[in-house]
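Engineer: Mind having a look at this structure? Questions to follow.
The values are calculated or read from the model by the stated rules, or taken from the named source; none is laboratory data. Worth saying up front: this structure is predicted, and the values here are computed from it rather than measured. Cβ atoms come from the backbone with ideal geometry, glycine included; neighbour counts cover every protein chain shown.
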Amino acid sequence: MSSAVPPPAAALPASVLDLAPVLPVVVVDDAADAVPLARALVAGGLPAIEVTLRTPAGLDAIRAVAEAVPDAVVGAGTVLTPAQVTRCVEAGARFLVSPGWTETLLAAMGASGVPFLPGVSTASEVVALLERGVTEMKFFPAEAAGGTAYLKSLAGPLPGIRFCPTGGIGPGTAPAYLALPNVGCVGGSWMVPADAVAAGDWARVERLAREAAALRR
């Protein structure tokens, strides 16, 4: 008796930062919402989806999207420990995002076999990662840590670094970030409002995702 072979997952380009101008940061309270939510985001033009581990449903949500939405590139966010790195990759996460980093966490992410974006908020952290061969990072918390002015000041002395700023960014401020030469994409959650998810209003999520996907340079 043969079983159906799932369709191949969406191809990952050289960088997660190049998939779309906005990386949705998703907090899932009920894993049952993960698949229709991911389908709405993909239909709206946002294939990369960062599902955070902020809730107990996060890992199951990653697994569900990885299995049922092959056009999505699902990643794990709020990754804090090597054990979480292992569990997320086993669940099907295709990239990892952390709010900060330690040597231990960085080593685990580097050995995971999937792309990763360690979080930074200072120039010293950026230089420390550059010494270790990391050139793509999450800038967090973006607005509180200096916003576009801070990132613009880093572009001159650190031209080889690209960032995904996340934290306090919305549709009104995203274009200013995306206009910077050292920003590949921005992270945000405005296209997945909690009330729309709670109501199962996937058409609204798709519309907001489509608007976010249009924020290209």
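Engineer: Would you mind stating whether ALA108 is among the small types (Gly, Ala, Ser), buried (at least 18 other Cβ atoms within 10 Å of the Cβ) and assigned to a loop (DSSP other than H, G, I, E, B)?
Structural biologist: no
Engineer: Here are some residues: PRO159, PRO165. Which one is crowded, with 18+ Cβ neighbours inside 10 Å and not aliphatic (A, V, I, L, M)?
Structural biologist: On inspection, the qualifying residue turns out to be PRO165.
Engineer: Just to be sure I understand, how many residues within segment 100-124 are over 17 Å from VAL183 (Cα atoms) and either among the aromatic types (Phe, Trp, Tyr) or out of contact with any Asp or Glu (no Cβ under 9 Å at 6 or more places or on another chain) (or both)?
Structural biologist: 15
Engineer: Here are the criteria: (1) at pLDDT below 95; (2) in contact with a Leu (Cβ under 9 Å, 6 or more places away or on another chain). Tell me which single one ALA48 does not satisfy.
Structural biologist: Status for ALA48: all satisfied but (1).
Engineer: Within the group LEU130, LEU151, which residue is crowded, with 19+ Cβ neighbours inside 10 Å and either touching a residue at least 12 places away in the same chain (Cβ under 8 Å) or within 15 Å of the chain's Cα centre (by Cα) (or both)?
Structural biologist: It is LEU151.
Engineer: So in segment 29-67, with the set limited to residues that are in a helix (DSSP H, G or I) and of a type in the set (Val, Ile, Thr), which one is farthest from THR78 (Cα to Cα)?
Structural biologist: Checked segment 29-67; the qualifying residue farthest from THR78 (Cα to Cα) is VAL42.
Engineer: Could you tell me whether segment 104-118 includes any residue that is in contact (Cβ under 8 Å) with a residue 40 or more places away in the chain, within 17 Å of CYS164 (Cα to Cα) and out of contact with any Cys (no Cβ under 7 Å at 6 or more places or on another chain)?
Structural biologist: Taking every residue of segment 104-118 in turn, at least one turns out to be in contact (Cβ under 8 Å) with a residue 40 or more places away in the chain, within 17 Å of CYS164 (Cα to Cα) and out of contact with any Cys (no Cβ under 7 Å at 6 or more places or on another chain).
Engineer: Here is a follow-up. If a residue has to be surrounded by fewer than 21 Cβ atoms within 10 Å (Cβ to Cβ), in contact with a strand residue (DSSP E or B) (Cβ under 7 Å, 6 or more places away or on another chain) and in a loop (DSSP other than H, G, I, E, B) to count, how many in segment 168-183 make the cut?
Structural biologist: Looking only at that region, the number is 2.
Engineer: Need pairs with beta-carbon distance below 7 Å; first residue outside any helix (DSSP H, G or I) and within segment 80-94, second modelled with pLDDT under 95; sequence gap 6+ or separate chains.
Structural biologist: ARG94/LEU12
Engineer: Okay, moving on. Scan ALA66, ALA10 and give me the residue that is buried (at least 16 other Cβ atoms within 10 Å of the Cβ), of a type outside the set (Phe, Trp, Tyr), within 17 Å of the chain's Cα centre (by Cα) and at pLDDT below 95.
Structural biologist: The conditions single out ALA10.
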